[in-house]
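Report on one structure; see the data block that follows.
The values are calculated or read from the model by the stated rules, or taken from the named source; none is laboratory data. What you see is a predicted model; the values in this text were computed from it and never measured. Counting neighbours? That spans all protein chains shown, and the Cβs are built from the backbone with ideal geometry, glycine included.
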Amino acid sequence: MAERLNRALDRVLPRSLTARLSLVMVLGVLCAQALGNWIWANQLKTRSNDEARTASQHLAFGAASAIRFFQSLPTNYRPILIEQLHEMGGTRFFVAFNRDAVAITPIEPSPLAQAVTTTISSEIGRQLPRLADVRVGFAWPDGLAVSDDGATLEDLPDNWVQHSLIIKPRPAPVLVIQAEIEPGGWLYLATLMPDPYFLDKANPLSKDRLALQLATLAAVLLLSLWVVRWLTRPLAQLADAAEVFGQGGEPQLPETGSLEYRKTAKAFVAMRERIQRYLADRERLFAAISHDLKTPITRLKLRTEMLDDETTRAEFHEDLDELDMMVKGALQSVKDSDIHENRTAIRLDTLLEKIVADARLSGRSVVLAAAETMVVAKPLALKRAIVNLVDNALFYGERAEIMLSRLDGQVELTIRDHGPGVPEEMLAGLFQPYVRLEHGRQSNQAGSGLGLGIARDIIQAHGGELKLVNHPEGGLVATIVLPGSTTTASGQAGPL
């Protein structure tokens, strides 16, 4: 179960550590911000609803008292009192008296506004059950009708509403209460909520606030991504250094950065030095072996000539020749896989044409299909690996077919022979030293069984891969996959 989950995550997640850390960072910050906004918005909405409900009840008490007061006044006193209130600049309410209810344009409906109007209507109805009709609604002050003759707030003197309403600079929603206190007599009350802009709290995540949050969030994410890249850059340098060293280079790795990275860099440098010492010791060892073994083998061959029995002498010669061939093959293996030359950009198709031309001069049948392809490689080493594979194909398969192509930014070179192929269970062992099949011994008795191993070592030193498979129609197919390269205007090349 855990393995399936890991494979699924590997398919979904980015491949690089920097991208994965960045993705986790971005998702974490976004989720935290979204959750925080949701909690904050819900808390603010709950508080706004509670405050609006309490304010609505107090406002309903004041409106009911005003309606009750005007109901108690004689009819001829009402206009006089209303005019006096207007001259005074109004009180808690802007008051007008009309013969009929005034039509108003309500604001955009919202749950909070609906809850306020419902609370006020029900509370006034509870305190004044004898009222014939009560209408409550919110409207914007711009163009708000205040009289049944069509008069609006803009038509009134400023001092009439200066204590009741907010018209400038930012208009606040106006609560309009119209109560029919007698037939043909409607009391018009206009006022503000205790918090004039309480409806803004109904939508705490306004566009302006969201824009500010997004700008802040973008700045935080950019800074976080820069920090992630800064922290992971040494790891990328370490990976590049390991790749360059694996391809025979000598990369410089600065021991700077975090404590963990410095320890890793020191361990890498120490490992590189140990490997280089091992390779140098191996080269010296095989050079010594070459010198130490040739003399006794030659001496044994001379003593073999002194044997009287021809059969025994022939057997000794055969064994000594085989031993001599194995020693030379081992030395050649070290020499072939450890070529000291610099990497350079080369035309692989041109190199293949030269190899094929040499094979055809020997009367061999070789077919080549190659597109123009650049690679960065050690020319002699790469040529030696390809020649080994082509020679194998010609020795064991009579003719060879070579195809060079590009695939997903990589270079793919296939070499097919038309021989008997190789049993599937023996394919993996062909790269082992001195491993040869029976038909190989019959076709090429001078071989040592080291060629495929040498070719694979050279290809791997170039950051590539060598694979062997049987062709469905017969024969063996050797496939070389190398990193592709692109040339710059200056002629220099680098990996894709």
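A few comments on the model shown:
- Within the range 235-261, the set of residues being more than 28 Å from the chain's Cα centre (by Cα) and modelled with pLDDT of 80 or more is empty.
- The set of residues in the range 334-386 being exposed (fewer than 15 other Cβ atoms within 10 Å of the Cβ), in a loop (DSSP other than H, G, I, E, B) and modelled with pLDDT of 85 or more consists of A371, E372.
- Candidate set from the range 237-286 (those that are acidic (D, E) and more than 22 Å from T18 (Cα to Cα)); member that is surrounded by the most Cβ atoms within 10 Å (Cβ to Cβ): E283
- Some residue of the range 168-175 being in contact (Cβ under 8 Å) with a residue 60 or more places away in the chain, in the same structural domain as P79 (by TED's automatic domain parsing) and at positive phi: no
- Flag for V269 being within 24 Å of L382 (Cα to Cα), among the aliphatic types (A, V, I, L, M) and not assigned by TED's automatic domain parsing to the domain that holds L380: no
- Residues that are over 20 Å from D321 (Cβ atoms) and of a type in the set (D, E) were ranked within the range 271-296; the one that is modelled with the lowest pLDDT is E283.
- Residues satisfying the stated conditions in the range 252-274, i.e. hydrophobic (A, V, I, L, M, F, W, C) and either outside any helix (DSSP H, G or I) or touching a residue at least 24 places away in the same chain (Cβ under 8 Å) (or both): L253, A265, F268
- Any hit, the range 10-18, residues being in contact with a Leu (Cβ under 6 Å, 6 or more places away or on another chain) and assigned to a helix (DSSP H, G or I): no
- Single unsatisfied condition, I39 versus (1) surrounded by 11 or more Cβ atoms within 10 Å (Cβ to Cβ); (2) part of a helix (DSSP H, G or I): (1)
- Count of the range 459-496 residues which are under 19 Å from K378 (Cβ atoms), assigned to a strand (DSSP E or B) and either in contact with a helix residue (DSSP H, G or I) (Cβ under 7 Å, 6 or more places away or on another chain) or at pLDDT 65 or above (or both): 6
- Qualifying residue in the range 299-313 (condition: β-branched (V, I, T), part of a helix (DSSP H, G or I), at pLDDT below 80 and at negative phi): no
- Filter pass, A34 being part of a helix (DSSP H, G or I) and under 30 Å from Q213 (Cβ atoms): yes
- Residue selection: L394 fails the criterion of being within 41 Å of the chain's Cα centre (by Cα) and either assigned by TED's automatic domain parsing to the domain that holds D457 or modelled with pLDDT of 90 or more (or both).
- Residue list for the range 185-229, restricted to those being modelled with pLDDT of 85 or more and either among the aromatic types (F, W, Y) or at positive phi (or both): W186, Y188, W226
- Meets criteria (in a loop (DSSP other than H, G, I, E, B), at pLDDT 85 or above and surrounded by fewer than 19 Cβ atoms within 10 Å (Cβ to Cβ)) for R135: no
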